[in-house]
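Down below is the structure, laid out as structure tokens.
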Amino acid sequence: MTAPDLTLIQLSDSHIVGDDTLMHGAVDTLANLTAALDAVHASGVAVHGLLLSGDLTDNGSPAAYRRLRAVVEPAAARLRCPAIYAMGNHDERSAFRAALLPDDPGDGPCDTVHRIAGLRIIVLDTTVPGRHDGHLDAEQLDWLRAQLAQSAPLGTVLVLHHPPLPSPVPTVHLLRLKDADRLAAVVAGSDVRLVLSGHAHHTGCGTLAGIPVWVSPALAYRVDTLPPRERLRGVVGSGLTRIDLIDGAFVATAVDLVGAPPVYDRDRDDLVRYVSDRTRELG
């Protein structure tokens, strides 16, 4: 069995609050985040980075960021990988910077660059203070163009909160990244291999300038994409994304974190036998 060359874990829309208040009176968002990180550790997968793609908190309070860090940073240390943070529309720039980017002073967009084992990860801040839709200004796009002028050995992954895609959910569609064609013009022909986003609270995929775009499931809850007629509904649901580089190809996989009874549960010896048998069949 071949292990991936590189694995990233995307955690989106955790919506941590500053106290024990339940989101919408029903969801313990800190418990969902903790369970997700515990599941990653229990898997034994060698993780090269945790990508937290926005709406880390629900109201941007310093207390919420403290609670978030108290869970994420020890988990990252346990996994021996960095935690990379992106802004979402529910986050607040000054508190976000103070808690998560203390070496990046200023009050502008929180755009950052990271390198992991030959892979370049560029985080773009698509938020507009006081609004819930997404936007990238001309200065950000110029900055991105300059970053992409030189390629990285394994290419580049973009991380941004607002999907540069339409959505079947009217509210998500309204609050998507605006003017996505301007971003498409910058990344076209570059070494960007994958665009990771969140915000929607539903899983999705599409393309931007021929580049795959992934919309991660949310940790907090799931938006129903096929609700009863003329209804908008959020339902119990929590998930993350694992992104693997295997034989030179990136693949994003949604991981459902809501418990369900197993259909089968093989141990390692059974798995090895199964793979060996199928390999022999294939010649």
Only residues that are farther than 17 Å from ASP224 by Cα, over 20 Å from the mean Cα position of the chain (by Cα) and not in a loop (DSSP other than H, G, I, E, B): list them for the range 169-186, please. ASP181, ARG182, ALA185, VAL186
Being among the small types (Gly, Ala, Ser), touching a residue at least 40 places away in the same chain (Cβ under 8 Å), in contact with a Gly (Cβ under 7 Å, 6 or more places away or on another chain) and not in a loop (DSSP other than H, G, I, E, B) is the requirement here; does ALA254 meet it? yes
LEU50 - would you say it is touching a Cys at 6+ places or on another chain (Cβ under 9 Å), under 25 Å from TRP214 (Cβ atoms) and modelled with pLDDT of 95 or more? yes
Find all pairs meeting these conditions: Cβ atoms under 8 angstrom apart; at least six residues apart or on different chains; first residue within the range 265-283 and within 18 Å of GLY44 (Cα to Cα); second residue not in a loop (DSSP other than H, G, I, E, B). ARG266/TYR274
For HIS90, all conditions in the list (1) out of contact with any Asp or Glu (no Cβ under 8 Å at 6 or more places or on another chain); (2) closer than 28 Å to ASP133 by Cα; (3) in a loop (DSSP other than H, G, I, E, B) hold save one; what is the number of the exception? (1)
Given (1) surrounded by fewer than 18 Cβ atoms within 10 Å (Cβ to Cβ); (2) in a helix (DSSP H, G or I); (3) in contact with a Pro (Cβ under 9 Å, 6 or more places away or on another chain), number of the condition GLU73 does not satisfy: (3)
Give just the number: which of (1) within 25 Å of HIS202 (Cα to Cα); (2) touching a strand residue (DSSP E or B) at 6+ places or on another chain (Cβ under 8 Å); (3) part of a loop (DSSP other than H, G, I, E, B) does TYR65 not satisfy? (3)
Since PRO4 meets every condition but one in (1) without any contact (Cβ under 8 Å) to a residue 60 or more places away in the chain; (2) assigned to a loop (DSSP other than H, G, I, E, B), which condition does it not meet? (1)
May I ask you to say which residue of PRO262, PRO166, PRO212 is farther than 24 Å from THR29 by Cβ, at pLDDT 95 or above, more than 17 Å from the chain's Cα centre (by Cα) and not in a helix (DSSP H, G or I)? PRO166
Could you run through the range 96-115 and say how many residues are of a type in the set (A, V, I, L, M, F, W, C), assigned to a helix (DSSP H, G or I) and either farther than 25 Å from VAL172 by Cα or within 15 Å of the chain's Cα centre (by Cα) (or both)? 3
Could you tell me whether ALA46 is outside any loop (DSSP other than H, G, I, E, B) and touching a residue at least 40 places away in the same chain (Cβ under 8 Å)? no
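The values are calculated or read from the model by the stated rules, or taken from the named source; none is laboratory data. Being a predicted model, the structure only gives us computed values, none of them experimental. Note: ideal-geometry Cβ built from the backbone for every residue, glycine included; neighbour counts use all protein chains shown.
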